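Worksheet: the structure to be examined is printed underneath.
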Amino acid sequence: MLHDLQGQSDMSPVVGMLYSAVRENSQRLQTITEGMSQEEVDYRGPEHDRNSTAQLIKHILYVDLNWVYRIKGIPLRQSLREQYGPMIDENNNLPMVSGVSRDTLISQHEGVISALKETCTQLTDADLDRVVTFGHDNEKQATIRWGIWHMADHNRYHQAHINQLRMWFKGKENK
């Protein structure tokens, strides 16, 4: 298998490269979670105090969804906020997720990646310079270029947590 960040033919060169980084990490997320039982998806570590794979995938999905709407330049619809949010709970933690299958979460994330692809086909490389706000109170600023890169980086960051959960879960199973 050849790994490359070759863009899409219907995207500007840099936009396509950034989109490809997001797409590749999305595909990797699917691969590293393949075959997880519901028990493993909901597993919160040996002390039951970590974010579960379900929480992490839903968090990735919601962060990515917010970025898609920022890139589009329109507010996230309330119905989507209710369906996929909130970003954090009243204790500043990732909201609990339990009993939602890996396949459902991955399918929902694929929908977000499809929306990103559609959005990226409308962008030019010059659009990547546009500044948007983000953060819990929109207190931060970034270019769209950084936002798309952040989607890929953020996804990969949490994949490390999922890999750790999988190691702990397998260790628990072998005891």
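The values are calculated or read from the model by the stated rules, or taken from the named source; none is laboratory data. Being a predicted model, the structure only gives us computed values, none of them experimental. Cβ placement follows ideal geometry from the backbone for every residue including glycine, while neighbour counts extend to all protein chains displayed. The area values use the complete protein model at the heavy-atom level, side chains included, leaving out ligands, DNA and RNA. Shrake-Rupley method; radii C 1.70, N 1.55, O 1.52, S 1.80 Å.
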Next on the checklist: I'd like the FRET efficiency for E118 and I88, computed as 1/(1 + (r/R0)^6) with the beta carbon distance as r and R0 of 25 Å, rounded to 0.05.
Outcome noted: 0.35
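For the chain, what is the calculated [θ] at 222 nm in deg cm²/dmol (nearest 500), taking -39500 (n - 2.57) for each run of four or more DSSP H residues and dividing by its residue count? Intermediate values should be presented prior to the final figure.
Details: 6 runs with 103 residues, N = 175.
Calculated mean residue ellipticity at 222 nm is -20000 deg cm²/dmol.
Decide, for the range 57-117, between rounded, prolate and oblate: order the square roots of the alpha carbon gyration tensor eigenvalues as a ≥ b ≥ c, take rounded if a/c falls under 1.5, and otherwise choose prolate if a/b is larger than b/c, else oblate. Display every interim value, and only then the final one.
Working: a/c = 2.16, a/b = 1.21, b/c = 1.79.
Oblate shape, in that a/c is at least 1.5 and b/c is the bigger or equal ratio.
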Item to check | the chain, dipole about Cα centre (Lys/Arg Cβ +1, Asp/Glu Cβ -1), debye to the nearest 20 | outcome: 120 debye
Next on the checklist: Pairs on different chains or at least eight residues apart, Cα atoms closer than 25 Å: how many lysine pairs in the chain fit?
Outcome noted: 8
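If we sort 5-15, 89-99 on the protection proxy, mean other Cβ atoms within 10 Å, highest first, what's the order? Can you show the working numbers first?
Values: 5-15: 15.5, 89-99: 11.7.
Final packing ranking: 5-15, 89-99.
Apply 1/(1 + (r/R0)^6) to the Cβ-Cβ distance of N174 and S37, taking R0 = 25 Å, and write down the FRET efficiency to the nearest 0.05. Could you put the intermediate results ahead of the total?
On the way: r = 15 Å, r/R0 = 0.60.
Plugging the Cβ-Cβ distance into 1/(1 + (r/R0)^6) gives 0.95.
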Checklist entry - Rounded to a whole number, what % of the accessible area of the range 1-156 do carbon and sulfur atoms account for, probe 1.4 Å? => result 47 percent
